[in-house]
Amino acid sequence: MPVRPLPSKPNLDHLRYQAKDLLKGHAARSPQVAQLLREFHPRFARALDAEVFGAKLSLSDARLAVAREHGFSSWARLKRHIETPTLSDRLDLKHHGRIEDDKFRRAVDLLDAGDVDGLRAFLKGHPGLVRQHVLFEGGNYFHSPTLLEFVAENPIRHGRLPANIVDVARVILEAGPDLASRNEALMLVATGSVVRECKVQIPLIDLLCDYGAEPGSAARAAAVLDEHDSVHALIRRGAKVDLPVAAALGRVAESTRLLATANAEERHLALALAAQFGHVEIARLLLDAGEDPDRYNPPGGHSHATPLHQAAGIGHKSVVILLVERGARLDLKDVLWHATPAEWAGHEGKTEIEKYLRAKEREAAPE
């Protein structure tokens, strides 16, 4: 789920009111609040609605969820950001402009300049730098990157990359970043638009895999974000095709085979992806197997919305009809914009789908 950006002049009292509203929504058993807590409070990850509503929710719990919803690790970090901000809290700056450590910033400058020799010499003089992390908060991801993760240009900082970025990445890899850094860099590359536009996405995927990054660690994220060339490259490098990946790629026979051994988490994400990409036969397969069309999508799968929201907003009419025929609720609102599937369709200009959903709403309305 995307985090909710803070306004340019955030007000701590307003955020306190948000936490109190969250408590009220929990008491009222709001499904949107249950989904928000699943996404942003670690205690409720994977919890069913009944488990969320059956648990006691304190004001501290609500404040933690609000802080994480805005991209901060804790209420204390959010409070510090507002009351005593430092350079790293300058959300108006690009990420490289928020780096407080001079040596790390110098390394990023050399990376951005494509200065292979300068970067190699700098890392040789500062060997610990390749495993160092910098802290960024207030965003959806890229919270604690190492130097290697900057090669992906994801999030976008300049909108371009040096022509020799593969050689630059090799210099950093030769310096010995740990596996977690290599895997995170692989995910950022596999899902990044700038590396794709610069035609270095696949070369960087291959390079990172050559240096031990695990191809399976990035396959699902690439599938969710419609980076199918990346998905195919990762499969070529050894990524396992599981049910969510097969569903995203529209592989009906493979999805049928994998369904028997898939766990609940995989089935949940697979339905979200089948709806997102309009694979109606796979969506039918999952619904026949008992998947609930009314569940919000899981974390990492556009979790602010339901399968019906996704299908309606993108324009997959056959999936919309299937979901409605299987009892998908028409009145559920997404977590971010509080809109129904019909409103999503209208906003995205899918007029035929909007008319269909509005007609179904009228049919369902009490007389």
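Only a single item in (1) without any contact (Cβ under 8 Å) to a residue 12 or more places away in the chain; (2) outside any helix (DSSP H, G or I); (3) in contact with a helix residue (DSSP H, G or I) (Cβ under 9 Å, 6 or more places away or on another chain) is not met by Gly118, and it is number (2).
Quick grid of which residues meet (1) modelled with pLDDT of 95 or more; (2) farther than 24 Å from Gln35 by Cα:
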| residue | (1), (2) |
| --- | --- |
| Arg295 | no, no |
| His304 | no, no |
| Pro307 | yes, no |
| Leu322 | yes, no |
| Trp337 | no, no |
| Trp344 | yes, no |
| His347 | yes, no |
| Lys350 | yes, yes |
| Arg362 | no, yes |
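A count restricted to the stretch 229-272 and to residues that are among the hydrophobic types (A, V, I, L, M, F, W, C), buried (at least 22 other Cβ atoms within 10 Å of the Cβ) and more than 22 Å from Arg38 (Cα to Cα) stands at 9. Within the stretch 11-25, the residues that satisfy the criterion of being buried (at least 16 other Cβ atoms within 10 Å of the Cβ) and either in a loop (DSSP other than H, G, I, E, B) or aliphatic (A, V, I, L, M) (or both) are Leu15, Ala19, Leu22, Leu23.
Quick grid of which residues meet (1) assigned to a loop (DSSP other than H, G, I, E, B); (2) crowded, with 19+ Cβ neighbours inside 10 Å:
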| site | (1), (2) |
| --- | --- |
| Ala305 | yes, yes |
| Leu323 | no, yes |
| Arg329 | yes, no |
| Leu336 | yes, no |
| Ala345 | no, yes |
| Gly349 | yes, no |
| Glu352 | no, no |
| Lys360 | no, no |
| Glu363 | no, no |
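Residues in the stretch 32-54 that are over 26 Å from Pro7 (Cα atoms) and either part of a helix (DSSP H, G or I) or of a type in the set (Ser, Thr, Tyr) (or both): Arg43, Phe44, Asp49, Ala50, Glu51, Val52, Phe53, Gly54. Check Leu78, Leu91, Leu48 and return the single one that is surrounded by 16 or more Cβ atoms within 10 Å (Cβ to Cβ), modelled with pLDDT under 95 and of a type in the set (A, V, I, L, M, F, W, C). Result of the check over Leu78, Leu91, Leu48: Leu91. When the test is whether a residue is under 15 Å from Ile99 (Cα atoms) and crowded, with 20+ Cβ neighbours inside 10 Å, Phe150 passes it.
Against the test of being aliphatic (A, V, I, L, M), part of a loop (DSSP other than H, G, I, E, B), touching a residue at least 24 places away in the same chain (Cβ under 8 Å) and in the same structural domain as Gln32 (by TED's automatic domain parsing), the options Leu57, Leu135 yield a single qualifying residue, Leu57. Looking only at residues of the stretch 312-367 that are closer than 25 Å to Ser30 by Cβ and among the β-branched types (Val, Ile, Thr), we find that the one that is nearest to the chain's Cα centre (by Cα) is Val335.
The values are calculated or read from the model by the stated rules, or taken from the named source; none is laboratory data. Note that this is a predicted model, so its numbers are computed, not measured. Here Cβ is always computed from backbone atoms with ideal geometry, including for glycine, and neighbour counts include all displayed protein chains.
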